[in-house]
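Student: Have a look at the structure that comes next, please.
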Amino acid sequence: MVRIVTVVRVTFLVIFLCTSLVISWTSVIALIALLGSLFGLKDNVQNSKDTHFDSKKNLLKGKPKTELEDVSPEVLQKIHKDVYDLVTYDAENTDSVLDFEVIKQNTECVFAKRAKVWGSPSWRDELTLEENVYRSVPTFLKFVNLCPVLGLDGFVYRLPGGKFGTDVQTFGQAVRRTLTVLSNHDPRGQHCMDQTYIGQKGWVFEFNGVTCFITTFAPFYPENSSRYGFESKDCYIFLQPEVSFAQHDLGPDTPHTNWVDPKTMRDRIRVAYANSGREYLIRDTVYYPMSHDVVKPIGRDDEIVKWWIKDDDKNWSRT
């Protein structure tokens, strides 16, 4: 706008100069036009400046009438991805997975070495156990949803051994606290750790409808224990979806073992543990509380560790 006004003024000035040598109606009209451009267009220029450069004017004034369902799918997808990237992490390459490798490669389980494992994020000392576990919840939810599709075998939590691996009682309480955080945030609201029958037959750990078998390892377990950590200084809680057993065709549980000529994968696993000196207890029935095998006692024939009960509410070494 300013440029146009300047051109108009210059044009009228040139016309006036060309016609002013002789007084005529043309020169008078040119003079009037020049004066008009100088004074008549002044307000328009000022208004133009006010309209386009007023930094005090609120251009966002007024609430939009758009509802959430009116937002385009592209925008919502971008938002969902931003949130997803914020609360999840690369669960295949965490410290917990890398440090668990020594157990994974040395255990007698025949399919452990090739197992696909995800894990908890790096431990942060300034946070409580509950706060550290809470950081993994979105990724753990991602894990249980994808495990049947990707063939994932387990999710491992690493807890500092110096703090939680000094003895079976301390470790048992850490396991209870870890599983309770997950249970409290179960999307389906089952809250399996709130059940009153954890120590009885029929209980199983469940998250978002996916049931898991739980195995734990800690530094205090001796070399002849099936939960031996192979000199690892930390503790591990390994949650294995039961669908993984089916995908490996492990077969149904049985109290019978063909020790001389193992036929099934379950036979071969049991024989391998026995041959390594880490034979574990095989009950004469398949109907027993799953919770009894989550935190094993130090000795194979020792009394059950009741890890699911708070320290203040029980005597640890009594069944």
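Student: If you scan region 174-197, which residues turn out to be open to solvent by less than 60 Å² (accessible area, probe 1.4 Å), in contact with a helix residue (DSSP H, G or I) (Cβ under 6 Å, 6 or more places away or on another chain) and touching a residue at least 12 places away in the same chain (Cβ under 8 Å)?
Tutor: First, the residues of region 174-197 that are open to solvent by less than 60 Å² (accessible area, probe 1.4 Å): 174-176, 178-183, 186, 189, 191-193.
Checking the rest, the ones that are also in contact with a helix residue (DSSP H, G or I) (Cβ under 6 Å, 6 or more places away or on another chain) come to 174, 178-181, 183, 191-193.
Hits for region 174-197 are A174, T178, L179, T180, V181, S183, C192, M193.
Student: Another question about this same structure. In region 109-134, which residues are under 16 Å from D153 (Cα atoms) and not aromatic (F, W, Y)? Don't jump to the end; show me each part of the working.
Tutor: Step one: list which residues in region 109-134 are under 16 Å from D153 (Cα atoms), which gives 109-120.
C109, V110, A112, K113, R114, A115, K116, V117, G119, S120 - these are the residues of region 109-134 that are under 16 Å from D153 (Cα atoms) and not aromatic (F, W, Y).
Student: Return the only residue of P160, P121 being at pLDDT 95 or above, out of contact with any Asp or Glu (no Cβ under 7 Å at 6 or more places or on another chain) and of a type outside the set (A, V, I, L, M). Step through it out loud before you land on a result.
Tutor: Values: P160 fails: out of contact with any Asp or Glu (no Cβ under 7 Å at 6 or more places or on another chain).
Residue meeting the stated conditions: P121.
Student: Further question: Across region 139-151, what is the number of residues that are in contact with a Phe, Trp or Tyr (Cβ under 8 Å, 6 or more places away or on another chain) and open to solvent by less than 50 Å² (accessible area, probe 1.4 Å)?
Tutor: Number satisfying all stated conditions: 4.
Student: Among the residues of region 96-109, count how many are touching a residue at least 40 places away in the same chain (Cβ under 8 Å) and open to solvent by 60 Å² or more (accessible area, probe 1.4 Å).
Tutor: Going through region 96-109 one residue at a time, the tally reaches 2.
Student: Looking only at region 215-250, count every residue that is surrounded by fewer than 20 Cβ atoms within 10 Å (Cβ to Cβ) and in a helix (DSSP H, G or I) and tell me the total.
Tutor: Qualifying residue count, region 215-250: 5.
Student: State whether the residues of region 152-162 include one that is of a type outside the set (D, E, K, R), out of contact with any strand residue (DSSP E or B) (no Cβ under 9 Å at 6 or more places or on another chain), open to solvent by 50 Å² or more (accessible area, probe 1.4 Å) and assigned to a helix (DSSP H, G or I). Give the derivation first.
Tutor: Just the residues of region 152-162 that are of a type outside the set (D, E, K, R), to begin with: 152, 154-157, 159-162.
When the remaining residues are screened for being out of contact with any strand residue (DSSP E or B) (no Cβ under 9 Å at 6 or more places or on another chain), the result is 162.
Those still in the list that are open to solvent by 50 Å² or more (accessible area, probe 1.4 Å) too: 162.
With the extra rule that they be assigned to a helix (DSSP H, G or I), the set shrinks to 162.
Yes, there is a match, as at least one residue in region 152-162 is of a type outside the set (D, E, K, R), out of contact with any strand residue (DSSP E or B) (no Cβ under 9 Å at 6 or more places or on another chain), open to solvent by 50 Å² or more (accessible area, probe 1.4 Å) and assigned to a helix (DSSP H, G or I).
Student: Condition check: over 25 Å from the mean Cα position of the chain (by Cα) and among the aliphatic types (A, V, I, L, M). Does A272 satisfy that?
Tutor: Values: over 25 Å from the mean Cα position of the chain (by Cα): yes; among the aliphatic types (A, V, I, L, M): yes.
Considered against the rule, which asks whether it is over 25 Å from the mean Cα position of the chain (by Cα) and among the aliphatic types (A, V, I, L, M), A272 comes out as yes.
Student: Restricting attention to region 281-292, report how many residues are in contact (Cβ under 8 Å) with a residue 60 or more places away in the chain and surrounded by fewer than 16 Cβ atoms within 10 Å (Cβ to Cβ).
Tutor: First pass over region 281-292, keeping only residues in contact (Cβ under 8 Å) with a residue 60 or more places away in the chain: 287-292.
Now narrow it down to the ones that are surrounded by fewer than 16 Cβ atoms within 10 Å (Cβ to Cβ): 287-288.
So the count comes out to 2.
Student: If a residue has to be within 16 Å of the chain's Cα centre (by Cα) and basic (K, R) to count, how many in region 106-133 make the cut?
Tutor: Within region 106-133, residues that are within 16 Å of the chain's Cα centre (by Cα) and basic (K, R) number 1.
Student: Within region 123-132, can you find the residues that are in contact with a strand residue (DSSP E or B) (Cβ under 9 Å, 6 or more places away or on another chain) and either part of a loop (DSSP other than H, G, I, E, B) or surrounded by fewer than 11 Cβ atoms within 10 Å (Cβ to Cβ) (or both)?
Tutor: Kept after step one, since they are in contact with a strand residue (DSSP E or B) (Cβ under 9 Å, 6 or more places away or on another chain), are these residues of region 123-132: 123, 129, 132.
Listed by number, the list holds a single entry, W123.
Student: For the structure I just gave you, tell me whether E101 is in a helix (DSSP H, G or I), more than 22 Å from T180 (Cβ to Cβ), at pLDDT 95 or above and not β-branched (V, I, T). Break it down into steps so the answer makes sense when it comes.
Tutor: Numbers: in a helix (DSSP H, G or I): yes; more than 22 Å from T180 (Cβ to Cβ): yes; at pLDDT 95 or above: yes; not β-branched (V, I, T): yes.
It is true that E101 is in a helix (DSSP H, G or I), more than 22 Å from T180 (Cβ to Cβ), at pLDDT 95 or above and not β-branched (V, I, T).
Student: Only one of D82, D90, D70 is closer than 24 Å to W123 by Cβ and open to solvent by 70 Å² or more (accessible area, probe 1.4 Å). Can you tell me which?
Tutor: Working: D82 fails: closer than 24 Å to W123 by Cβ; D70 fails: closer than 24 Å to W123 by Cβ.
Selected residue: D90, the only one of D82, D90, D70 that is closer than 24 Å to W123 by Cβ and open to solvent by 70 Å² or more (accessible area, probe 1.4 Å).
Student: Now for a different question. Which of the residues belonging to region 251-280 are exposed (fewer than 14 other Cβ atoms within 10 Å of the Cβ) and under 23 Å from G202 (Cα atoms)?
Tutor: G251, P252, D253, T254, P255, H256
Student: Right, here's the next one. Looking at (1) within 18 Å of the chain's Cα centre (by Cα); (2) closer than 30 Å to S276 by Cβ; (3) in contact (Cβ under 8 Å) with a residue 24 or more places away in the chain, which is the only condition N93 fails?
Tutor: So the condition that N93 fails would be (3).
Student: Could you please let me know if K81 is closer than 26 Å to Y273 by Cβ, assigned to a helix (DSSP H, G or I) and basic (K, R)?
Tutor: Details: closer than 26 Å to Y273 by Cβ: no; assigned to a helix (DSSP H, G or I): yes; basic (K, R): yes.
No.
Student: So, one more: Could you say which residue among S136, S183 is within 13 Å of the chain's Cα centre (by Cα) and within 19 Å of V294 (Cβ to Cβ)? Walk me through how you get there before you give the answer.
Tutor: Working: S183 fails: within 13 Å of the chain's Cα centre (by Cα).
Matching residue, one of S136, S183: S136.
Student: May I ask you to list the residues in region 133-142 that are part of a helix (DSSP H, G or I) and under 21 Å from D82 (Cβ atoms)?
Tutor: Restricting attention to region 133-142, the residues satisfying the condition of being part of a helix (DSSP H, G or I) are 133-134, 137-142.
Across region 133-142, the qualifying residues are Y134, V137, P138, T139, F140, L141, K142.
Student: Tell me whether region 185-201 contains one or more residues that are outside any loop (DSSP other than H, G, I, E, B) and among the β-branched types (V, I, T). Outline the logic, then answer.
Tutor: The first filter runs over region 185-201 and keeps only residues outside any loop (DSSP other than H, G, I, E, B), leaving 192-194.
Checking the rest, the ones that are also among the β-branched types (V, I, T) come to none.
No, because not a single residue in region 185-201 is outside any loop (DSSP other than H, G, I, E, B) and among the β-branched types (V, I, T).
The values are calculated or read from the model by the stated rules, or taken from the named source; none is laboratory data. Bear in mind that the values here come from a model prediction, so they are computed numbers and not experimental data. Quick reminder, even Gly has a Cβ in these numbers, built from the backbone with ideal geometry, and neighbours come from all protein chains shown. Ligands, DNA and RNA are excluded from the accessible area calculation, which covers all protein heavy atoms including side chains. Shrake-Rupley method; radii C 1.70, N 1.55, O 1.52, S 1.80 Å.
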